[in-house]
1. Taking the criterion of being surrounded by fewer than 21 Cβ atoms within 10 Å (Cβ to Cβ) and part of a loop (DSSP other than H, G, I, E, B), would at least one residue in the stretch 89-102 satisfy it?
2. Condition (residue is crowded, with 17+ Cβ neighbours inside 10 Å and not in a helix (DSSP H, G or I)) applied to the stretch 48-57: is it met by at least one residue?
3. Given (1) outside any helix (DSSP H, G or I); (2) under 21 Å from P79 (Cα atoms), where does K22 come up short, assuming only one miss?
4. Taking the stretch 139-154 as the region of interest, how many residues are surrounded by fewer than 21 Cβ atoms within 10 Å (Cβ to Cβ) and either of a type in the set (A, V, I, L, M, F, W, C) or not in a helix (DSSP H, G or I) (or both)?
5. Any residue in the stretch 225-236 that is at pLDDT 95 or above, on the phi > 0 side of the Ramachandran plot and not in a helix (DSSP H, G or I)?
6. Of the residues D189, D208, D193, D254, which single one is more than 22 Å from D71 (Cβ to Cβ), assigned by TED's automatic domain parsing to the domain that holds E172, assigned to a helix (DSSP H, G or I) and free of Cβ contacts under 8 Å to residues at least 60 places away in the same chain?
7. Restrict the check to the stretch 207-220 and report whether at least one residue is small (G, A, S), closer than 30 Å to Y98 by Cβ and surrounded by fewer than 19 Cβ atoms within 10 Å (Cβ to Cβ).
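The values are calculated or read from the model by the stated rules, or taken from the named source; none is laboratory data. Computed from a prediction, not measured in an experiment: that's the story for all the values here. Here the Cβ is made from the backbone with ideal geometry for all residues, glycine too, and neighbour counts use every protein chain on show.
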Amino acid sequence: MVNLVEKKIEQYIDNLKDEKIKGLYKKLPSGKRLRSKLILKIAKNEQAVDLAAIIEMIHAASLLHDDVIDDALTRRGAPSINALYGNKTAIMLGDILYSKAFFELTKFSDEIAKNVSNAVTLLSIGEMMDVDLTKAFNTDLDIYLDMIYKKTASLIEASAKCAAILAGKNSEAYALYGKNLGLAFQIVDDILDVVSDSETLGKPVMNDFREGKTTLPYIYLYNSLEQKDREKLLFLFKKEASEDEKMWIKEMMDKTGAIDKSKEFAKRLGFEALKAIDEGDIELKEIMKNLIDREY
């Protein structure tokens with residue numbers, strides 16, 4: 001059914017009757033379509049396809065703006081729109097996708113429209129928090145969790161909740177599942193930035209730290225180090241680290257158990273989410289299991 005979502009998005013883009021926008025959209029990599037898969041597994045009907053298309057357009061718009069903010073030249077291993085056509089084009093394309101998505105959202109109930117709209121507001125606040133947090137090394141776990149909830153998990157939470165509303169299921173239970181899935185998803189992504197390789201990531205290893213993003217593994221690492229090593233870590237913050245310096249960070253991550261602690265945190269979120277949903281939702285259990293048990 002994900003193919004139906006792609007066709008629906010193409011239909012929405014065609015409705016704009018603008019060949020330039022159509023061409024630009026085709027340049028965007030589709031990604032994992034996590035939000036679509038989640039919606040379609042909770043609510044298996046035509047409205048779910050429409051909702052998934054709207055959510056994916058919102059997500060694509062947020063990534064376009066994110067790439068401009070981060071000066072990112074690639075997105076999922078391909079050149080970003082801002083790298084190809086400049087920041088103004090990327091921002092305007094993002095605005096168009098946002099606007100079209102909200103226009104299509106008006107055909108849904110007030111409850112669904114309000115939940116999605118609120119999530120987009122939280123997403124934008126989270127993006128602003130993310131930018132502000134790059135100004136200094138953050139060691140506060142609660143601040144980090146609040147930021148990734150708003151920036152990443154809020155839209156996934158809304159996707160699950162609204163799909164449950166469409167399906168007549170317990171929307172609060174599925175909202176909790178979506179929230180925890182989103183939090184775990186971001187934490188796993190933050191772990192991969194440290195332990196994976198550039199080819200797999202589609203961007204340089206430890207790029208987050210170079211950009212000033214203090215993710216969960218670095219918070220655990222900092223709080224486990226002696227003062228001398230803390231000073232070294234702070235010295236490397238927002239710096240283009242050498243291979244030896246990157247190796248030192250990885251060795252310290254292993255020594256302090258920072259990566260393992262981060263994995264366990266993601267797993268706890270996953271188990272809590274699984275308790276909330278019906279025993280019969282095998283597909284949703286599989287999504288969470290694949291996320292928290294994935295190879296690093």
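1. Within the stretch 89-102 (the criterion being surrounded by fewer than 21 Cβ atoms within 10 Å (Cβ to Cβ) and part of a loop (DSSP other than H, G, I, E, B)), the answer is no, since none of the residues qualifies.
2. Taking every residue of the stretch 48-57 in turn, none turns out to be crowded, with 17+ Cβ neighbours inside 10 Å and not in a helix (DSSP H, G or I).
3. That leaves (1) as the condition not met.
4. Final tally of qualifying residues: 5.
5. No, because not a single residue in the stretch 225-236 is at pLDDT 95 or above, on the phi > 0 side of the Ramachandran plot and not in a helix (DSSP H, G or I).
6. Within the list D189, D208, D193, D254, the selection yields D254.
7. yes
Table: residues versus (1) within 19 Å of T89 (Cα to Cα); (2) modelled with pLDDT of 95 or more.
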| site | (1), (2) |
| --- | --- |
| K7 | no, yes |
| Q11 | no, yes |
| E19 | yes, yes |
| L34 | no, no |
| K37 | no, no |
| I55 | no, yes |
